[in-house]
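K.L.:
Can you keep this structure in mind? I'll have questions shortly.
Throughout, read-outs are computed from the coordinates displayed, never taken from laboratory work. Keep in mind the model is a prediction, meaning the values are calculated, not measured. So basically every Cβ, Gly included, is an ideal-geometry build from the backbone, and we count neighbours across all protein chains shown.
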Amino acid sequence: MGLTVQKFGGSSVADAERIMRAAGRAVKAKRAGNNVIVIVSARGDLTDELIDLAKQVSEDPPRREMDMLLSTGEQQSVALMAMAVHTLGEDAISFAGAQIGIVTDSFHTKAKIRNIDPTRIIEALDQGKIVIVAGFQGVDENFNITTLGRGGSDTTAVALASVLKADVCEIYTDVDGVYTADPRRVSDARKIARISYDEMLELAALGAQVMQARSIEFAKRYGVTIHVRSSFNDNEGTYIVREAPEMEDIVVSGVALSKNEAKVTIRAVPDKPGVAATIMGRFAASGVNVDMIVQNTSADGITDMSFTVDRSELPHARKVAQSLLADLGGTGVESAEDIAKLSIVGIGMRSHTGVAEKMFAALAAVDVNINMISTSEIKLSVIIDAKYADEALAAVHAAFELNKPPA
Ligand code: ADP
Ligand code: ASP
Ligand code: MG
């Protein structure tokens with residue numbers, strides 16, 4: 001008997017009608033002779049609403065309580081989904097993360113899965129039930145409820161697919177698959193039929209919200225095939241798979257945009273060995289992830305250090321930067337939130353030249369200035385002013401002719 005894992009995102013379970021439709025898919029897979037595990041997200045924008053509510057009662061909500069609150073969204077969905085399956089005439093049982101031993105570390109709001117105990121799921125499947133699991137949540141070793149970071153239901157789904165050795169992990173969402181750019185921002189973006197783990201991992205990490213980056217790390221490590229597709233039609237979506245040789249022929253597979261960045265500058269720090277290490281060490285110790293780093297050319301032994309951080313971490317990052325001033329002797333801390341990160345991704349970039357030039361020329365042609373640049377083997381990112389983000393995205397997408405199928 002095959003095992004099907006289906007994950008339904010927030011918009012796919014937003015209301016009763018959509019829950020019934022999602023339940024219908026699970027029932028269909030079951031009646032086709034499969035064991036079925038369904039992972040669900042919180043309905044619609046419920047997670048955002050809960051975050052807003054928390055901020056109304058607390059400037060900086062304790063993270064443990066945040067997890068207690070946010071996990072309720074998924075708990076509603078599993079119960080409703082199980083009821084819907086019953087309505088359609090099949091047996092189902094819902095589980096919160098803690099009930100099936102999804103054990104995580106204790107990093108509240110960004111916890112990582114350490115272990116999953118499949119016993120209870122297997123028992124329920126053996127009894128012929130469709131198993132409905134709350135995405136995005138787990139429990140630490142002291143039984144505190146944790147959550148896995150925004151978009152974390154994807155990771156729950158991939159982790160369960162890997163532990164239970166599912167044939168494929170189906171991710172049902174509100175677009176037809178993974179596109180060459182966010183189809184809501186670029187009207188001629190094209191659906192990609194197959195994409196490698198490494199490219200999807202970069203796209204996700206660089207802002208393509210359609211999959212949580214950590215779910216792709218998991219999928220790559222355990223070889224889980226992912227099929228991203230729409231919950232509103234039966235079209236084939238995008239398969240996320242191991243790299244195949246012909247994939248290198250495509251230079252750029254996709255463009256991602258992130259508006260979740262902020263820039264911090266520490267002014268006039270001494271330009272001498274050890275300063276960068278001190279700054280980064282302090283940030284790492286404070287749990288702030290630093291992304292791009294730029295050190296300006298120095299004059300008179302003094303330089304400015306700029307770096308980008310996640311926008312949600314800006315208040316914290318500013319405090320850490322302030323605390324460094326006294327030790328390093330800088331003159332001040334500045335920050336900016338009106339920036340965006342635009343990136344191109346493709347494993348073909350390893351073996352093709354002229355890629356950076358093409359991207360920069362496309363940006364120049366629409367008069368967009370580049371503030372920071374960073375590259376790795378398969379990606380190239382630039383920081384630009386947020387107000388030009390959409391125009392720049394369209395220009396770069398067009399320059400690489402991503403609207404056309406690869407030759
Ligand atoms: P779900 O609630 O199903 O998890 P998400 O909102 O997390 O859905 O992710 C789906 C959204 O991701 C789409 O509506 C789309 O706007 C956005 N997105 C961003 N980049 C891409 C891309 N390259 N391909 C497809 N969708 C993308
Ligand atoms: N509900 C959570 C979120 O909105 C998890 C998820 O949807 O994957 O981030
Ligand atoms: Mg999502």
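K.L.:
Treat the stretch 156-199 as a sphere of radius equal to its Kirkwood radius over Cα pairs and apply Stokes-Einstein at 25 °C in a medium of 0.890 mPa s; give the translational diffusion coefficient in µm²/s, rounded to a whole number. Show your work: numbers first, answer last.
P.N.:
Values: Rh = 12.3 Å.
It comes out at roughly 199 µm²/s.
K.L.:
Can you give the net charge of the other residues whose Cβ lies under 14 Å from the Cβ of residue 322, counting K and R as +1 and D and E as -1?
P.N.:
Working: positive: 267, 282, 318, 319; negative: 327, 334.
Once positives and negatives cancel, what remains is +2.
K.L.:
Kirkwood Rh over alpha-carbon pairs of the chain, then Stokes-Einstein at 10 °C and 1.306 mPa s: what D in µm² s⁻¹, rounded to an integer?
P.N.:
Values: Rh = 22.7 Å.
After rounding, the answer is 70 µm²/s.
K.L.:
Over the Cα atoms of the stretch 285-407, what radius of gyration and what Dmax do you get, in Å?
P.N.:
Answer for the stretch 285-407, Rg first and Dmax second: 17.2, 57 Å.
K.L.:
What does the highest-first list of 371-380, 387-396 look like by mean Cβ count within 10 Å?
P.N.:
Values: 371-380: 16.2, 387-396: 19.2.
The most tightly packed comes first, giving 387-396, 371-380.
K.L.:
Roughly how many debye, to the nearest 20, is the charge dipole of the stretch 226-339 about its Cα centre, given +1 on each Lys and Arg Cβ, -1 on each Asp and Glu Cβ, and no other charges?
P.N.:
Values: 10 positive and 17 negative charges, 121 e Å.
In total the dipole reaches around 580 debye.
K.L.:
Bin width 5 Å, alpha-carbon pairs only: give the P(r) of the stretch 106-172 as whole percents, running from 0 to the bin holding the largest distance.
P.N.:
Using 5 Å bins, I get a P(r) of 4, 16, 24, 26, 18, 10, 3, 0 for the stretch 106-172.
K.L.:
Let me ask something else. So if we plug the beta-carbon distance of residue 63 and residue 234 into 1/(1 + (r/R0)^6) with R0 = 45 Å, what FRET efficiency do we get, rounded to 0.05?
P.N.:
On the way: r = 40 Å, r/R0 = 0.90.
E(calc), rounded to 0.05, equals 0.65.
K.L.:
Tally Lys/Arg at +1 and Asp/Glu at -1 over every other residue whose Cβ is under 10 Å from the Cβ of residue 303; what's the total?
P.N.:
Working: positive: 267, 272; negative: 271, 300, 304.
Net of charged neighbours comes to -1.
K.L.:
Next question, about the same structure. I need the semi-axes of the equivalent ellipsoid of the stretch 169-281: take the C-alpha gyration tensor, multiply each eigenvalue by 5, square-root it, list largest first in whole angstrom.
P.N.:
Square roots of five times the eigenvalues give 34, 17, 14 Å.
K.L.:
Of the residues 281, 348, 33, which exhibits the maximal mean-square fluctuation in a Gaussian network model of the chain defined by a 10 Å Cα contact cut-off?
P.N.:
Between 281, 348, 33, it is 281 that shows the largest mean-square fluctuation.
K.L.:
In nm, to one decimal, how far is the residue 350 label point from the residue 325 one, both placed 7 Å along Cα→Cβ?
P.N.:
So the label points at residue 350 and residue 325 sit 4.6 nm apart.
K.L.:
Give me the distance in nm between label points sitting 7 Å out from Cα along the Cα-to-Cβ direction at residue 267 and residue 120, one decimal.
P.N.:
Here the answer is 5.6 nm between the modelled labels.
K.L.:
Jot down the radius of gyration and Dmax of the stretch 296-353, Cα atoms only, both in angstrom.
P.N.:
16.4, 46
K.L.:
Could you pull out every whole DSSP H run in the chain that spans at least 30 Å of Cα extent along its own axis and averages -1.0 or higher on the Kyte-Doolittle scale? List each step's numbers first, then the result.
P.N.:
On the way: long enough: 63-87 (37 Å, -0.01).
Helix filter hits for the chain: 63-87.
K.L.:
Along the Cα-to-Cβ line of residue 398, 7 Å from the Cα, sits a label point; which residues in the stretch 345-362 have backbone N less than 20 Å from it?
P.N.:
345, 355-362
K.L.:
Less than 19 Å apart at the alpha-carbon level, and either on another chain or at least 8 residues along: which aspartates and glutamates does that give for residue 387?
P.N.:
Partners found: 182, 261, 310, 337, 338, 367.
K.L.:
Net charge around residue 341, counting only other residues with Cβ within less than 13 Å of its Cβ (Lys, Arg = +1; Asp, Glu = -1)? Working shown, then result.
P.N.:
Numbers: positive: 259, 263, 311, 379; negative: 202, 261, 291, 310, 337, 338, 385.
Once positives and negatives cancel, what remains is -3.
K.L.:
Using Cα pairs under 8 angstrom and six or more residues apart, how large is the relative contact order of the chain, in percent?
P.N.:
Working: 901 pairs, mean separation 53.8, N = 407.
It comes to 13 percent, rounded to a whole number.
K.L.:
Gain in length, residue 334 to residue 246, computed as 0.36 nm per residue apart minus the alpha-carbon separation, to one decimal in nm?
P.N.:
Taking residue 334 through residue 246 to full extension adds about 27.1 nm, to one decimal.
K.L.:
Based on DSSP, what percent of beta bridges with both residues in the chain are antiparallel, to the nearest 5?
P.N.:
Details: 45 of 73 bridges.
Within the chain, antiparallel bridges account for around 60 percent of the total.
K.L.:
Next question, about the same structure. Could you rank the peptides 272-278, 359-365 by their average count of other C-beta atoms within 10 Å per residue, with the highest value first? All intermediate terms of the calculation are to be shown ahead of the outcome.
P.N.:
Values: 272-278: 12.4, 359-365: 16.9.
Output ranking for 272-278, 359-365: 359-365, 272-278.
K.L.:
Find the centroid of the Cα atoms in the stretch 1-20 and in the stretch 365-393, then give the distance between the two in whole Å.
P.N.:
Distance between centres, Cα-based: 36 Å.
K.L.:
Given the peptides 16-26, 335-345, arrange them by the average over their residues of other C-beta atoms within 10 Å, most packed first.
P.N.:
Values: 16-26: 18.6, 335-345: 21.0.
Sorting 16-26, 335-345 by mean packing, highest first, produces 335-345, 16-26.
K.L.:
Once all Cα-Cα distances of the stretch 107-242 are split into 10 Å bins that start at 0, what whole-number percent is in each one?
P.N.:
Each 10 Å bin holds this share of Cα pairs: 12, 41, 33, 12, 2.
K.L.:
Follow-up. Taking all pairs of different Cα atoms in the stretch 73-124, averaging 1/r and flipping that mean, what Kirkwood radius in angstroms comes out? Provide the component values of the computation, followed by the final result.
P.N.:
Working: mean 1/r = 0.0801 Å⁻¹.
That comes to 12.5 Å for the stretch 73-124.
K.L.:
Now for a different question. Need the full-extension length gain, residue 32 to residue 280, defined as separation in residues times 0.36 nm minus the C-alpha distance. One decimal, nm. All intermediate terms of the calculation are to be shown ahead of the outcome.
P.N.:
Numbers: separation 248, 0.36 × 248 = 89.28 nm, distance 5.43 nm.
Gain in length upon complete extension: 83.8 nm.
K.L.:
Could you tell me which residue out of 146, 37, 368 lies farthest along the dipole of the chain toward its positive end? Charges go on the beta carbon: Lys and Arg +1, Asp and Glu -1, centred on the Cα centre.
P.N.:
Value: 37.
K.L.:
For n ≥ 4 DSSP H runs only, could you compute -39500 (n - 2.57) per run for the chain, divide by its residues and tell me the 222 nm figure to the nearest 500? Could the numbers behind the result be given before it?
P.N.:
On the way: 11 runs with 139 residues, N = 407.
So the calculated ellipticity at 222 nm is -10500 deg cm²/dmol.
K.L.:
What whole number of Å gives the distance from the Cα centroid of the stretch 105-156 to the Cα centroid of the stretch 69-92?
P.N.:
Rounded to whole Å, the Cα centres lie 15 Å apart.
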